[in-house]
1. Chymotrypsin sites (Phe, Trp or Tyr not before Pro), restricted to the stretch 1-93: which are DSSP loop and have at most 14 other Cβ atoms within 10 Å?
2. Return the aspartates and glutamates within reach of Lys94: Cα separation strictly under 19 angstrom, same-chain partners fewer than 8 residues apart disregarded; answer none if there are no such residues.
3. Just tell me which aspartates and glutamates come within less than 20 Å, Cα to Cα, of Lys33; anything on the same chain fewer than 8 places away is out.
4. So what is the relative contact order for the stretch 1-137, in percent, with contacts set as C-alpha pairs under 8 Å and at least six apart?
5. Show me the trypsin sites (Lys or Arg not before Pro) within the stretch 69-161 that DSSP assigns to loop and that have at most 14 other Cβ atoms within 10 Å of their Cβ.
6. Most mobile of Gln109, Gln69, Gln56 per a Gaussian network model of the chain (Cα springs, under 10 Å)?
7. Over the chain, consider all pairs of different Cα atoms and compute the Kirkwood hydrodynamic radius from their mean reciprocal separation; express it in Å, one decimal.
8. Stokes-Einstein D for the stretch 36-93 at 37 °C, 0.692 mPa s, Kirkwood Rh over Cα pairs, in µm²/s?
Amino acid sequence: MQTVIAAPPSTTWPHGQYDAVLVNVDSSKEWPKSGLEGHCITELQLIFCLVPPHGQRPHWNNRFLAYIQRFDIVPQSGGEYDPITCMHVLHRAKRANGKYFGDILPLNQLQAPVNLVLHFRKTANKHLSSMNSTALLQEFWLNKYWEKEFFYALTSVSTHT
């Protein structure tokens, strides 16, 4: 069990504060055994529970839901991940109209928190700060070195494929 943050905008955090999490999207795949297969990287935006109308019993029995926004893995020349860092490059998934791709799913599909590293390219935006950098940037590295179990899950799968 681990704590993740999904906090709306405030005076301290004008864009909100949201953690990145690994989400299971294929129930036949099991984390960490299957690595990223059947999973996606997302940003947790909101955790909520629907309240039934007064006097009615809920049929979902206190089922908590999460609103998430997805990241896409960007294929790199010569492979699945960046050849220098050996990390996956992620880009915020967007719809054709430019809006972020979001979804609502059961909270129990969240598998693990993940660590994203800012990907600046050649130069960094001078206006970035610790309070806005994850909101303003579109591209990140998925830090597989952040946690031992995460490293082994991504490394063992990628070396056998």
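1. Qualifying residues, ordered by number: Trp60.
2. Those aspartates and glutamates meeting the cut-off are Asp19, Glu43, Asp72, Asp103, Glu139.
3. Glu80, Glu147, Glu149
4. Answer for the stretch 1-137 is 25 percent.
5. Arg95, Lys99, Arg121, Lys122, Lys126
6. Result: Gln56 has the largest fluctuation of those listed.
7. After inverting the mean inverse Cα-Cα distance, the result is 17.2 Å.
8. So the translational diffusion coefficient is about 226 µm²/s.
Laboratory data are not the source of any read-out in this text; all were calculated from the coordinates shown. The structure presented is a predicted model; accordingly, all values stated were derived computationally and were not measured. Heads up, the Cβs are rebuilt from the backbone with ideal geometry, glycines too, and the neighbour counts pull from every protein chain shown.
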